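To start, the structure itself, in structure tokens.
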Amino acid sequence: MNIERQSFIPAIQEKKRVFEKRLKVFPQGFLALADCSEETVLKNKVALVCGYLCAEKWDFLPDFSALSGMDEKEKKSSLKKIEKRFALGHNPLLTHKTNGCFLYVSSFALLKDYRGKGYGEKFFLNSVAALSSADSQIKKVVILVDSEWAPAIKIYEKLGFQKVFELKEFFPTIQKKVNADGIIMTADAALFRDIEFSKSENDLSGIRI
Ligand SMILES: CC(C)(COP(=O)(O)OP(=O)(O)OC[C@H]1O[C@@H](n2cnc3c(N)ncnc32)[C@H](O)[C@@H]1OP(=O)(O)O)[C@@H](O)C(=O)NCCC(=O)NCCS
């Protein structure tokens, strides 16, 4: 919860019970980044969890292209359904399907002290690669990102994700009056299979996934 508090404004932070449900419904989809360096272990007596990524598997992705052919009423109701599916605090017990072929990365964050060192990109890539490689049913990886979260967007674009839809004014912001757009991005899971994992200690300087 400390990582969550350091990463998102209160209006966006997920509650502890949401994380508990995510862990219960798809524990393999909940990955932690741990600082196991000698210095940290000596100081804290244990390794320090400095990042997390959690995911669920969906059995469908809304047909975003169909929206353009709809009349206003239909469009409004379809948009509501899309927003509900991606809503913060949504219940993974209802959305996660064991046989789903869409891996939805519901959240990903690092403690502040560990940012800007390349760990975020490595952790995300290794996590998605591990999850996609472990499950051949997964065809697409899906994420929803706030249009203002520049480092996250940079990582996703660099790794081949492409924007498929924008949820207008989806995310609350500090300014309260103006919400930020949510960008839905997808990438083929095939992009992440068979990649070389970062196993070398030097590569992550004692940081382990
Ligand atoms: C997103 C997050 C996990 C990234 O972790 P990180 O370790 O800082 O990321 P990295 O160091 O691997 O790389 C981030 C990239 O963004 C770039 N970046 C950093 N700050 C940036 C900024 N303000 N504007 C544009 N790009 C920026 C970095 O230069 C780097 O790109 P490069 O490798 O081409 O130089 C971390 O910033 C975080 O926890 N943020 C808060 C939570 C969040 O936004 N989660 C995403 C949920 S969708």
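The values are calculated or read from the model by the stated rules, or taken from the named source; none is laboratory data. Since the model is a prediction, treat every value here as computed from it, not as a measurement. Please note: Cβ atoms are built from the backbone with ideal geometry, for glycine as well, and neighbour counts cover all protein chains shown.
When you check Phe8 against the structure, is it surrounded by 15 or more Cβ atoms within 10 Å (Cβ to Cβ) and modelled with pLDDT of 95 or more, yes or no?
Answer is no for this residue.
Condition check ((1) farther than 25 Å from Lys112 by Cα; (2) surrounded by 13 or more Cβ atoms within 10 Å (Cβ to Cβ); (3) in contact with an Asp or Glu (Cβ under 6 Å, 6 or more places away or on another chain)) across all residues:
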residue	(1), (2), (3)
Cys36	no, yes, no
Leu42	no, no, no
Val46	no, no, no
Lys57	yes, yes, no
Leu61	yes, yes, no
Ser68	yes, no, no
Lys76	yes, no, no
Ile82	yes, yes, no
Gly89	no, no, no
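Can you tell me which condition Phe123 does not meet? The list is (1) in a strand (DSSP E or B); (2) within 16 Å of the ligand (Cβ to nearest atom); (3) surrounded by 19 or more Cβ atoms within 10 Å (Cβ to Cβ), and all the others hold.
(1)
Among Ile153, Ile174, which is the only one that is of a type in the set (A, V, I, L, M), at pLDDT 95 or above and farther than 21 Å from Leu67 by Cα?
Ile153
Mind checking which pairs have a first residue in region 59-85 that is under 15 Å from Phe170 (Cβ atoms) and a second that is of a type in the set (Val, Ile, Thr) and assigned to a helix (DSSP H, G or I), Cβ under 7 Å, 6 or more apart or different chains?
Pro62/Ile82; Arg85/Thr95
Considering only helices (runs of 4 or more DSSP H) fully contained in region 1-120, which possess at least 2 residues that are within 14 Å of the ligand (Cβ to nearest atom)?
So the answer is 2-7.
For region 176-197, what are the residues that are out of contact with any Phe, Trp or Tyr (no Cβ under 8 Å at 6 or more places or on another chain), assigned to a loop (DSSP other than H, G, I, E, B), surrounded by 13 or more Cβ atoms within 10 Å (Cβ to Cβ) and not aromatic (Phe, Trp, Tyr)?
Across region 176-197, the qualifying residues are Arg193, Ile195.
Within region 129-144, can you find the residues that are closer than 15 Å to Ala109 by Cβ and buried (at least 22 other Cβ atoms within 10 Å of the Cβ)?
Ile143 - this is the single residue of region 129-144 that is closer than 15 Å to Ala109 by Cβ and buried (at least 22 other Cβ atoms within 10 Å of the Cβ).
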